[in-house]
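Below is one structure, written out as structure tokens, with a few remarks after it.
The values are calculated or read from the model by the stated rules, or taken from the named source; none is laboratory data. Fair warning: this is a prediction, and the values are worked out from it, not measured in the lab. Ideal geometry is used to build each Cβ from the backbone, glycine not excepted, and the neighbour counts take in all protein chains shown. The accessibility values were calculated without ligands, DNA or RNA, using every heavy atom of the protein model including side chains. Shrake-Rupley method; radii C 1.70, N 1.55, O 1.52, S 1.80 Å.
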Amino acid sequence: MTHTPPYDFPLDDFQRRAMDAVDEGRSVLVAAPTGSGKTVVAEHAVADALARGGKAFYTTPIKALSNQKYADLARRHGADRVGLLTGDNSINGDAPVVVMTTEVLRNMIYAGSGALGGLRWVVLDEVHYLQDPYRGPVWEEVIIHLDPGVGLICLSATASNAEELSDWISTVRGPTATIIEERRPVELHNLYLVGDRSAERPHLLPTLVQARPNPQASRLDAEAIRGPRRRTDERPGGRRLHTPRRAEVIDRLDDEGMLPAIYFIFSRAACDDAVTQLREAGVRLTSREERDQIRAICGDRLAGLSGADLEVLRWQHWMLGMEAGIAAHHAGMVPPFKEAVEACFTAGLVKVVFATETLALGINMPARAVVIEKLSKFTGERHEMLTPGQYTQLTGRAGRRGIDEVGYAVVLWSPFVTFEQVAALVSTRTFAISSAFRPTYNMAANLIRRYDPETAQHLLGLSFAQYQADRDVVRIEAALDRSAGRLAREREGVECRLGDAAELVDLERRLAETRRNRPSQAREVDEALARLTPGDVVRVPGGKSGGPAVVLTATRRHGNVKLRVLTATRRRLSLGPDDFPEAPRRLGRVALPEPYQPNSTAFQREVAGRLARAKLGSGTRSRHADRRADATLEALTKAVADHPVAACPDLVAHRRAAVQVERLERERERLHREAGAGRASLVHQLERVLEVLERWGCVDGWSLTDAGVRLCRIYHEADLLLAESIGTGLLDGLDPPSLAGLVSTFTFEARGPGEPPVPWFPSGEVRTRWARLVAMHARLVDAEEAAGLPTTRPLDPGFVALAYAWAAGDGLSAILEDEELSGGDFVRNVKQLIDLLRQVGDVAPVAATATAAREAADALFRGVVSASSSLGVDDDGSGGER
């Protein structure tokens, strides 16, 4: 069959074969490298739907891709025939072609939306996302529940088990063509860049020579290994080889004609630092004309931000890098900044972008070269090597089709990764797709609403997870056999002639946990101050102002709680954590006069009088709990010191073996659970979910209660907890800013190490509601653990103050001035909160609560948030859009 679509390039063989399958009405799975032209097949299906008077839905995993694809299709077919549905935008939703995130389509299917009528094709872009632990099940839900008459166009990165995925789709939906293309459209040259103190510039070597590791690179690496390992920042006279400095890398790429480049660093702060380093080193990669164009593009993209917003976002500092042709790109940046970087890079104006791995998630931003600074990344718990799939995803940006004859992937030398590891990663380029599907509370409720029990169980049995589980039991059993031998060997290493080494290791762990869990004095003071509200009486420490005082105001400034208090002698004092040697205790409470006018002399006189007449407690700090904690700490310290194995000369080896035993035992437990899950099937998992839903009053047999009907329309990882909060009235009676603050505990999750700051609540009532939420979450976790289900993640109050302030109308500079949260993180969290508040507004049974939720969402959608929701601008995830 001959295809003559409006493309200005010849079609590849895999594209023609996929188009033939579409013309025959068959579903198609296309697995091909990044930039190979998979979307041409999807566009052909869209054109087929329009030619036959039908509809086509184009789904993507993130809103940025939805916005991008909407713009592409609108240019091709006309804006009147193309629509967009995401959490931020709803444009022409009744058009014959609609672009949306995959969650939106899943929700439409569950709701039985009339918009599904006449649907001929659905494109599932980046279908390998079905292995994502949180969002992956959405893809399987769509594939299973979509009307059988609708054809699928599944686009995936190259995977070693693409045939398996296609076989499953064929089983579920009928004949599906499997089109696999492993050849890149632009040849990739893998290079190894090695800093050498004895050479004038870094060595740039091919990683592979005739498909084998380059012997020259192996010899260089061997020279470094023979010498002692030292820090990479040691001066000359230490190790000869070193990781090339960023300015050196860019200079070498520029000399070799390998710019523009994307330089991957797995740290937001390091990306920003790299731009500063190059700028301060005098690197400038742009001409005067290019700088003028950069300023024009940035001015256009940032037009929606106020001068105050730009100032707090350090716009001038950012522009200096842009004008030099250097930029960062990561999730900590607000979307308009990222969009400006993307536009300038695509136009060839910005020559180097330092990026985190989020840039590899499908944004159309190819480069001539890709640099990977380190082959390991921190996962939040430990450093892990990149997988072959991740390496392929990152280097997929190297080589611009139609511009470059070759692309370059450059890995930098590191003292912590051998060249053999680099070569092995480069030569292994595929990865297997595995299912993350499991029944959720919302899924179970929608199964009950739409199907009888037998049909629901049948649909679960059709999942890719079940398809793989049936094959995986044998693999798991073999892994259990191998781990049994390793476990026996490590247990021998734990044995000690002096005593029980495992017991000592356990005591040492308990001692470390006890020390770690004891709150610091400063934190105790801060927590105590955070609990105080106007009218509370505390004792002011020492000095002539010492004695009882009434709290007039309690606010958080610069990360600490500040009190304004009034003494019995009418002295007004400003106190903070540094003024209290230990946590203050509440002595009592004084009813404050009305109206509340703390700056009024008459008000202060009346408060002082009431304080003088008040019956107050002693405020003496009870040391019982502290003495008990001290005794526990002392007993554990003594037990560790006196343990007989503590004197063993082989203690270090015993400890290491004990840790390995514990790790292997956990691994065996996990394998046993996986084997059990494979044998028991997803139906048994559904039964456990239904058990919890019945205990929580959402289902009665195979029917939904009012609470269950509500749950059907809540799409969030804490769906049951939110449904219960709404049903029990926990969200009722709050003004919009307070409701925004409380609901933010569902969407926010603190990142990074370290202890989070003490949360701030706008009122005692919100603090009380938060305490009820915590108790409700604890009950749910108990129920989940009893049922053998994964537990709902804890809620996080770390965004309450920011959500409240933004909904109340405070400016961005006032909100972020003393916060460690970046502008991009702030925008992303507010947008996720807006989406969840709109869901609350749709399902809350109390009209006032629904109104407050909608008003809160509207109040949050302003300034930098609304400017970050225009087409082409987005955060890095979609959450649970409606």
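Tabulated values for the structure
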| read-out | value |
| --- | --- |
| Neighbourhood net charge (12 Å Cβ-Cβ; Lys/Arg +1, Asp/Glu -1) for L507 | -2 |
| Eligible lysines near K351 by straight Cα distance, threshold 18 Å, same-chain separation 8 or greater | K338 |
| Neighbourhood charge, 15 Å Cβ-Cβ cut-off, centred on R772 and excluding it, Lys, Arg +1 and Asp, Glu -1 | 0 |
| Share of carbon and sulfur in the accessible heavy-atom surface of the range 33-173 [1.4 Å probe, %] | 48 percent |
| On Cα atoms only, tilt of 521-530 relative to the major axis of the chain in degrees | 80 degrees |
| Using θ = phi - 60° and Karplus 6.51 cos²θ - 1.76 cosθ + 1.60, couplings along the range 42-56 (whole Hz; Gly, Pro as x) | 4, 5, 5, 5, 4, 4, 4, 4, 5, 5, 9, x, x, 10, 9 |
| Cα centroid of the range 367-427 to Cα centroid of the range 495-510, whole Å | 42 Å |
| Probe 1.4 Å, protein heavy atoms only - accessible area per residue of the range 750-805 in square angstrom | 49 Å² |
| In Å², nearest 10: area of H777 left accessible to a 1.4 Å probe | 30 Å² |
| Among beta bridges that DSSP assigns inside the chain, antiparallel share in %, nearest 5 | 40 percent |
| Relative packing of 780-787, 155-162, 366-373, 272-279, which averages over residues the other C-beta atoms within 10 Å, highest first | 366-373, 155-162, 272-279, 780-787 |
| Under 27 Å from the Cα of K55 - lysines, other chains or at least 8 residues apart | K38, K63, K69 |
| Trypsin sites (Lys or Arg not before Pro) lying in DSSP loop within the range 739-808, provided at most 15 other Cβ fall within 10 Å | R751 |
| Under-5 Å amide H pairs with L386, H placed in peptide plane, nonlocal only | S376, K377 |
| Using θ = phi - 60° and Karplus 6.51 cos²θ - 1.76 cosθ + 1.60, couplings along the range 12-24 (whole Hz; Gly, Pro as x) | 7, 4, 5, 5, 5, 5, 5, 5, 4, 5, 4, 4, 7 |
| Alpha-carbon centroids, the range 52-131 and the range 735-749: separation in whole Å | 30 Å |
| Area of E289 that stays accessible when all protein chains are in place (1.4 Å probe, Å², to 10) | 120 Å² |
| Relative contact order of the chain, pairs being alpha-carbon contacts under 8 Å that are 6 or more residues apart, as % | 13 percent |
| About the Cα centre, charge dipole magnitude for the chain (Lys/Arg +1, Asp/Glu -1 at Cβ), debye | 2740 debye |
| Long-range HN-HN contacts of V371 with modeled amide H, under 5 Å | I262, Y263, F264, V410 |
| DSSP-defined beta bridges in the range 298-443 - what % are antiparallel, rounded to 5 | 30 percent |
| Surface accessible to a 1.4 Å probe, Y408 within the full protein complex, Å² | 50 Å² |
| Between the range 248-273 and the range 787-864, the alpha-carbon center distance in angstrom | 36 Å |
| Full-stretch length increase - E819, A296 - with 0.36 nm per residue and alpha-carbon distance subtracted | 185.2 nm |
| By average C-beta atoms within 10 angstrom, highest first, the peptides 203-209, 491-497 | 203-209, 491-497 |
| Label point at D452 placed 7 Å out along Cα→Cβ; residues across the range 687-717 whose backbone nitrogen lies under 15 Å | 702-703 |
| Net charge contributed by nearby residues that have their C-beta within less than 10 Å of L587 (K/R +1, D/E -1) | +4 |
| Rounded if a/c under 1.5, otherwise prolate or oblate - the range 520-609, Cα gyration tensor axes | prolate |
| Value of Rg/Rh across the chain [Cα atoms, Kirkwood radius] | 0.98 |
| MRE, 222 nm, helices only [DSSP H, n ≥ 4, -39500 (n - 2.57), over the chain, to nearest 500] | -15000 deg cm²/dmol |
| DSSP-loop trypsin sites (Lys or Arg not before Pro) across the range 286-317, with at most 16 other Cβ within 10 angstrom | R314 |
| Gyration tensor verdict on the range 734-796 (Cα atoms; rounded if a/c is under 1.5, prolate if a/b is larger than b/c, oblate otherwise) | oblate |
| Antiparallel bridge percentage (DSSP; both residues within the range 1-113; nearest 5) | 20 percent |
| Phi to ³J(HN,Hα) by Karplus 6.51 cos²θ - 1.76 cosθ + 1.60 over the range 683-698, Hz, x for Gly, Pro | 4, 5, 5, 4, 4, 5, 4, 5, 4, 5, 4, 5, 4, 9, x, 9 |
| With Cα atoms, 0 to 90° folded angle of helix 268-280 axis to the chain main axis | 80 degrees |
